[in-house]
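So the structure is just underneath, and the comments pick up after that.
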């Protein structure tokens, strides 16, 4: 494809690739290397997060059961091999924090966005490559800090037993306040519960580092997209992935500072005895608290959810952009309603800033503002519905090629519908009263921001693996992975809605123990459903090993990828797989058409590259 | 002749300017060439054209996030300061303002004037005046920080610490966050000043001066806002 | 693969319909469903839930079926080309208007129960009870025969003397007050609760009442409802409150109003004794 590219001036202007191993692979400023680093970080995190959920499902399905391997893995936290209340809660807190920050925020944006945004707009790199490198390494530090909050004890024991004596970390478990870290539970320190001392300090530090890294990343994304587009790459010729990454970056830019502010206030309450969130007259664990007065616990929730709701869209928007991109590519059809899709992304991003209160209907905030938040919340369903309709419109009349990335993109649409539509229940103040903080909510947000977003990541991985690593992934294994995962996640999360209706509360280490007859009697009917969900979770987790095998096998023995194996149109498919250090070999590409010109009448093939100067030019918009 | 802009080297985050690289061909083009790429001089690439612009965009984008940080803290300040909003009993004791804050404010305002004078001087290629004004700005910036430290010491001497009461908590928090951001500005100014004293003001460093002055004015405005919020908002 | 994937969407749709509509129809709505509602507003919440379930059920099934159908119908056929279209503004406007209308109507309908519960003050004849949450226990404060609540403050809390709510021993209003760890309320009479917390956020949840409200330290949140069925119900804590969150639960008994009146006119010790008997009288 290089022959189509028009150099802007006679000389070719190249960046030499770094030669030393460290500059090339570790402290690289190449957006592609950084993208892959982010992607691996997310891959590691997702398996950690999944491992934690496996332990949680063990406990929920068979509460109080003894598991020998737990004694080995967590000698102090699970010394009897059973999962205690605090241990369950620290699993839960780590699962949420790892998944939300280090998987859902990291892979779609930091991973794929970093690798492909510059290439898709025709740039040689991000606007600020050194900043980009710093973003990654700060994220990495944040992950290390978070992991240390949870594994410090196990690591100390491991070293003591097998290598040399280190001071035992004591009974360290991670923080137990959930990923939302509601104050004052999170602000009162160890007296409010095990893990709330050092655990919370490490947790907040990790989140603060993550905020800073995300802000640097967002700054980079926005500047790159505004300033570094190739000649001819007008805004309405951008692939929808770029619009999604851009909007995500704007959301991150405006919401992470608020979380950072909340984190700073929390750490001050926790360690410097200030009273931002801690009210006066507290009596905790048998002792009167005298050093705090007048703080507002609800203020934490406002600050947290002002960030937390846009965060949901930070997780899902890149998946939405990618789904549009992949559906069009493999349906061999232009995206239906490109402009509507762009505006819908904006609308979701904008409305996302005005709905945070729907997490707080029963928190004690003003019942009038609850109504206002509820009304705005349901309107956010409109742009979401527009996206769904347009995806169906894109498939309608297509010539669908059922590759693995396409299957995951179709799965994304299905899960987006399943997970999104239950928001209609939760967004209504009245119905939220019985459903709030139950498994209905757990099922809802896992389907939409957990699994749908993960399907977006799988789609992206199968789609772009050839470009990133120069090898094709195995299609047979990929399809098997899709089938098992799609069936599995539905089997896990749809029954959870029923549990929630029955009143099964979230964040309980045990609801009803059929062996001892302890717990909530009204939930005794839920035991078979709970066990079914646990078993479905084990099967689905096991199915992810297929993905891991496919990755390793394809990397080593996969078929070599050509420049454009999917016959797709955007700029990344005009350069070799994997791309050279400076992407376009110093020659600025020139863009002549929109990104989804498939099956153009009168064209010689069923797709026209964005750089194709010849062939009918049909502008988007009508 | 071809310019190799190794972007790996020394790009300072936030203030952005290539560190220690050669300016194209030893000549010192003051402004990036305008117009179509065909008219660009040899050795001047697309990247050279987008460089200054991207630092400006990056700075405005960065300022947006800093603004959000302080907006979030402002909302916390208002919620905490108005008993009806926080629901708790009122434990708000207004802080006695350390007098030196007036001096600090004046110094910071002056620094905004001097950085503007420096920028104008540079635009007219009046190097000597530029050097003078930019050095003075750096000095003003550093004095402001010292002044803030003195204000802290004065409060500490009265026995007012971060955990004394909500107003003191916010005072220490907001002044230190502003101070950290301002320190970044002082470092950027120091960098530009050193470059100026060594006569190395190519058009890239002119971008650094421009971008730093945007940041500096913002920090100045932010301080005026915080000063008003902390001591005159009721 | 196309047919299989399309079929999967059908399975998801049909399976969900069976689970959410067939299952309650077949087994009655008590196996895997909401517990029977026992408050005045429960019926309205359940009705709004069903209305939403109809809207959601139809849209969900239609979307999954359309997706499954498209996937099966538009699989690649040889070297045929896809339809070349960039969309249709008319369609965009149509489906935007329809969804907006449906969602807005639902949103407005969904506020009614909420407004009755939270925007109106409790009726004047309400029974008042204070609820004081702590890690990991519910405390209930009854005003006793004089109908006046004694002053409480955290400095008076004395766990060893079972003064969990910090009742001021010098306040004469509090002399006859009773504090309990299970709850009794009258049937068919409005109950107004004042919800407080001693330490962290908890949440007062009675699934059968369709009622839930966080208890926030530093705040005294007033809420009201009316129970309509005698019986014994559970009160789990619904907001993560610490390591034993899952063990924080209490019991609520709803008894006839005249019996309740007799009960609260008894001295505190007698009241507690009677409450113990009531707990044994009813079954879950």
Residue match in the range A:521-540 (condition: under 17 Å from residue A:58 (Cβ atoms), out of contact with any helix residue (DSSP H, G or I) (no Cβ under 6 Å at 6 or more places or on another chain), more than 14 Å from chain C (Cβ to nearest Cβ) and at pLDDT 95 or above): yes
Hey, residue C:55 in a helix (DSSP H, G or I) and within 8 Å of another protein chain (Cβ to nearest Cβ) or not: yes
Those residues of the range A:390-417 which are surrounded by 24 or more Cβ atoms within 10 Å (Cβ to Cβ), more than 8 Å from chain C (Cβ to nearest Cβ) and over 18 Å from residue A:320 (Cβ atoms), in sequence order: A:404
Residues satisfying the stated conditions in the range A:517-536, i.e. crowded, with 16+ Cβ neighbours inside 10 Å and not in a helix (DSSP H, G or I): A:519, A:520
Odd one out for residue B:97, checked against (1) within 18 Å of residue B:167 (Cβ to Cβ); (2) at pLDDT 95 or above; (3) away from chain A (no Cβ under 14 Å): (2)
Residue match in the range A:364-377 (condition: at pLDDT below 95 and touching a strand residue (DSSP E or B) at 6+ places or on another chain (Cβ under 6 Å)): yes
Number of positions in the range A:243-281 that are within 14 Å of chain C (Cβ to nearest Cβ) and in a helix (DSSP H, G or I): 3
Test: residue in the range C:86-104 that is in contact with a helix residue (DSSP H, G or I) (Cβ under 8 Å, 6 or more places away or on another chain), at the interface with chain A (Cβ under 7 Å from one of its Cβ atoms) and outside any helix (DSSP H, G or I): yes
Criterion (at pLDDT below 95 and surrounded by 16 or more Cβ atoms within 10 Å (Cβ to Cβ)) met by exactly one of C:60, C:34, C:27: C:34
Residues located in the range A:184-233, provided they are free of Cβ contacts under 8 Å to residues at least 12 places away in the same chain and more than 9 Å from every other protein chain (Cβ to nearest Cβ): A:190, A:197
Odd one out for residue A:240, checked against (1) buried (at least 20 other Cβ atoms within 10 Å of the Cβ); (2) within 10 Å of another protein chain (Cβ to nearest Cβ): (2)
Residue satisfying all of: in the range B:119-150; free of Cβ contacts under 8 Å to residues at least 12 places away in the same chain and not in a helix (DSSP H, G or I); farthest from residue B:191 (Cα to Cα) among these: B:124
Filter pass, residue A:281 being without any contact (Cβ under 8 Å) to a residue 60 or more places away in the chain and at positive phi: yes
Set A:311, A:291: member being at pLDDT below 95, farther than 22 Å from residue A:399 by Cβ and more than 10 Å from chain C (Cβ to nearest Cβ): A:291
Helices (runs of 4 or more DSSP H) (entirely within the range A:33-131) containing at least 2 residues that are surrounded by fewer than 24 Cβ atoms within 10 Å (Cβ to Cβ): A:68-73, A:85-97
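Here is a list: C:67, C:50. Which entry is assigned to a helix (DSSP H, G or I) and touching a residue at least 12 places away in the same chain (Cβ under 8 Å)?
C:67
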Some residue of the range B:157-179 being in a helix (DSSP H, G or I), without any contact (Cβ under 8 Å) to a residue 40 or more places away in the chain, in contact with a helix residue (DSSP H, G or I) (Cβ under 6 Å, 6 or more places away or on another chain) and over 18 Å from residue B:60 (Cα atoms): yes
Hits in the range C:70-84 - residues which are at the interface with another protein chain (Cβ under 7 Å from one of its Cβ atoms) and either part of a loop (DSSP other than H, G, I, E, B) or crowded, with 19+ Cβ neighbours inside 10 Å (or both): C:70, C:71, C:74, C:76, C:77, C:80, C:81, C:82, C:83, C:84
Qualifying residue in the range C:136-158 (condition: at pLDDT below 95, within 14 Å of chain A (Cβ to nearest Cβ), within 28 Å of residue C:282 (Cβ to Cβ) and touching a helix residue (DSSP H, G or I) at 6+ places or on another chain (Cβ under 8 Å)): yes
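Within the range A:371-380, track down each residue that is facing chain C (nearest Cβ under 7 Å) and under 30 Å from residue C:206 (Cβ atoms).
Listed by number, the residues that qualify are A:371, A:374, A:375, A:378.
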Subset of the range A:337-360 [assigned to a loop (DSSP other than H, G, I, E, B) and more than 8 Å from chain C (Cβ to nearest Cβ)]: A:352, A:353, A:354, A:355, A:360
Residue in the range A:579-594 that is within 14 Å of chain C (Cβ to nearest Cβ), surrounded by 21 or more Cβ atoms within 10 Å (Cβ to Cβ) and at pLDDT below 95 present: yes
Sole residue being outside any loop (DSSP other than H, G, I, E, B) and either under 28 Å from residue C:75 (Cβ atoms) or within 14 Å of chain C (Cβ to nearest Cβ) (or both), chosen from A:318, A:334: A:318
Test result for residue C:117, surrounded by 15 or more Cβ atoms within 10 Å (Cβ to Cβ), under 27 Å from residue A:367 (Cα atoms), within 13 Å of chain A (Cβ to nearest Cβ) and in contact with a strand residue (DSSP E or B) (Cβ under 8 Å, 6 or more places away or on another chain): yes
Members of the range C:37-48 found to be more than 8 Å from every other protein chain (Cβ to nearest Cβ) and surrounded by fewer than 19 Cβ atoms within 10 Å (Cβ to Cβ), listed by number: C:40, C:43, C:47
Hits in the range A:487-498 (condition: facing chain C (nearest Cβ under 8 Å) and either in a strand (DSSP E or B) or surrounded by 20 or more Cβ atoms within 10 Å (Cβ to Cβ) (or both)): A:490, A:494, A:495, A:497, A:498
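The values are calculated or read from the model by the stated rules, or taken from the named source; none is laboratory data. Just so you know, these numbers come straight off a predicted model, no measurement behind them. No Cβ is skipped: glycine too gets one built from the backbone with ideal geometry, and neighbour counts run over all protein chains shown.
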